[in-house]
Amino acid sequence: MSPKKSQPSTKSSENWIFIILVGIIVILIAIICGCIFKPDDHEEANVQIAEKSTNVEEYKTLRYWTVVVDVWNEKGHFRTMERVCDSLQYKFVNASNGDDWDLLWTIDSPFYLPGEQSHPLYADVDRHPLRLEQKVNHFPGMEILSTKAYMNRNNAHLEYILPSFILPKDKKKLQEFMHKNPDAKLVEKNIFNRGVSIVDKSDIIYDDSDTFYQQFMNKPFLIDGHAFDFGVFVLITSFDPVRIYRFGTDVLFRFCKEKYYPFDAKNPDKYVVQEGMHPPFTMPTFENVYKRFQFPIIKHFEKIIAEKGFDVKKFWNRIDDAIVKIVRNSEPYITKITKDYNYSTHHFYELVRFDFIFDENLSPYVMEVNMSPNITPVRKIDEEYSKIYEQLMFNLVKMIGAGSYFEFMSRFNDSDVMIANKKNLAVDIHSCLKFNCHRSCEHINCKLCLPCINEENIFQMREAFREHLYQGNFRRLYPAKKFYFDEKFLSKLTEKNKFSLKWFEGKCLEDENWC
């Protein structure tokens, strides 16, 4: 009898049928749902826009804020700054109305002396602690530099300052000076920088606290018979430690309205740069060369003084020496005031203009340090300066690390290592290895080795390295090679300044581009 064939179980067949039916149902439901709920093209576009908007919000927009309390430039104080910031895709905001901001450019200082009330426009600076990334174009305490009387008194010992006297405090000194120099002429100046005229000795007001007097330089260096002043733009990126840069593309020449001779003390237009002054490109000596070849005016000036037998290098060395010494002399006061505001100096930078005059031997004398130099032409005749001002401001924004979103924010996040990592900062490999500075920092030669450096100095090294990369048309005046090897000079400095000079010396020894 043959064996029976095996038959599939009825239950198993039913299971397979059930699974197949469920799968078909799921597929049909998915198709139906897709048809019912599939967004049309318009809805898909909305989804994409929403996603794009989210990404834009995540990417921070840099914001700049501008303030002027007293409007005197009818063409606009900030045209140059606005053009540069707009080109760099900054957004204009008004923090006086509560807007958030990153970069503040103001004509007036937002920081008032103790006991004085700040202007309401600056409430956002005074009311809230500055965030780490916020940058302001003035240091607290800059009046020590920008007020003529204070600047002259603080630097009276320098060869670059003509004898000056603030009354009534300096009444006795002035009387002694006039006794020793009976032929000297005096210029009367308002303590707040407005008004200049030569006065007779009999007209001196010894009890006027708003006036100071300064010796008049009666034999100036002339071009085309006119006296002139010479404005040098200077960027200070840090106090304690001090870092100073001079803008090298050009300077601001301003010629007196009338020729100096025949001299007339009653006619200030012969010896004071004031309304109606001439820009250099209208003067015969400069006009043709400038129009034909577009050389910077300073290059032609250097040619002129060289032909007269003056040493151009020595000329600039004296200009730079005056700038460095005057800025350095202001540091203790400015650092103290900044700390009184409970601010770190990291928040600030300062563009100033040093105004020089020269005697017939081309010896330089500083007349004033302008805290907020005008960077937007006031008169149509001065529009030629627009190109210089725009380049100046573009270089400044790059120098302070705000030339792009990446540059600005990299100072405060991990991406800063792309610009300046510790390998860029390390110096003096020989001492670090010789004295095993990774084990102990006690030896004096270990001070520059990275394991021995505190976070504040590391931050300043990064900033200095960044400035070195981005200095563009600026030339670093301080620290500079000629200041390195004077131990007596070093002994008078703060610890941060000592460290900064030694570090720059180390960079200079490794790479002459740092010198």
**Request:** Select from the range 79-90 the residues that are open to solvent by 60 Å² or more (accessible area, probe 1.4 Å) and either aliphatic (A, V, I, L, M) or farther than 15 Å from VAL67 by Cα (or both) and list them in ascending order.
**Result:** ARG83, ASP86, SER87, GLN89
**Request:** Taking MET151 as meeting all but one of (1) in a helix (DSSP H, G or I); (2) open to solvent by 30 Å² or more (accessible area, probe 1.4 Å), write down the number of the exception.
**Result:** (2)
**Message:** Can you find, within the range 310-350, the residue that is nearest to the chain's Cα centre (by Cα) among those that are closer than 24 Å to ASN457 by Cβ and among the acidic types (Asp, Glu)?
**Reply:** GLU350
**Request:** Quick one: THR338 ticks every box in (1) of a type in the set (Val, Ile, Thr); (2) closer than 26 Å to PHE228 by Cβ; (3) in contact with a strand residue (DSSP E or B) (Cβ under 8 Å, 6 or more places away or on another chain) except a single one, so which number is it?
**Result:** (2)
**Asked** Within the bounds of the range 126-142, is there any residue that is surrounded by 14 or more Cβ atoms within 10 Å (Cβ to Cβ), in a strand (DSSP E or B), out of contact with any Leu (no Cβ under 6 Å at 6 or more places or on another chain) and among the hydrophobic types (A, V, I, L, M, F, W, C)?
**Response** no
**Fill in**
Exactly one of ARG466, ARG439, ARG475 is open to solvent by 20 Å² or more (accessible area, probe 1.4 Å) and either closer than 30 Å to GLY248 by Cβ or part of a helix (DSSP H, G or I) (or both), and that residue is ARG475
**Prompt:** Which of the residues belonging to the range 154-171 are modelled with pLDDT under 90 and open to solvent by 50 Å² or more (accessible area, probe 1.4 Å)?
**Reply:** PRO168, LYS169, LYS171
**Asked** Restricting the search to the range 344-367, which residues are touching a Phe, Trp or Tyr at 6+ places or on another chain (Cβ under 9 Å) and assigned to a loop (DSSP other than H, G, I, E, B)?
**Response** TYR349, GLU360, ASN361, LEU362, SER363
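Here is a yes/no grid of residues against (1) more than 19 Å from VAL369 (Cα to Cα); (2) at pLDDT 95 or above; (3) touching a Gly at 6+ places or on another chain (Cβ under 8 Å):
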site: GLU302; (1), (2), (3): yes, yes, no
site: LYS313; (1), (2), (3): yes, yes, no
site: TRP316; (1), (2), (3): no, yes, no
site: ILE319; (1), (2), (3): no, yes, no
site: TYR333; (1), (2), (3): no, no, yes
site: TYR343; (1), (2), (3): yes, no, no
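The values are calculated or read from the model by the stated rules, or taken from the named source; none is laboratory data. Computed from a predicted model, the values in this text were never measured in an experiment. Glycine also receives a Cβ, built like all others from the backbone with ideal geometry; neighbour counts cover every protein chain displayed. Ligands, DNA and RNA are excluded from the accessible area calculation, which covers all protein heavy atoms including side chains. Shrake-Rupley method; radii C 1.70, N 1.55, O 1.52, S 1.80 Å.
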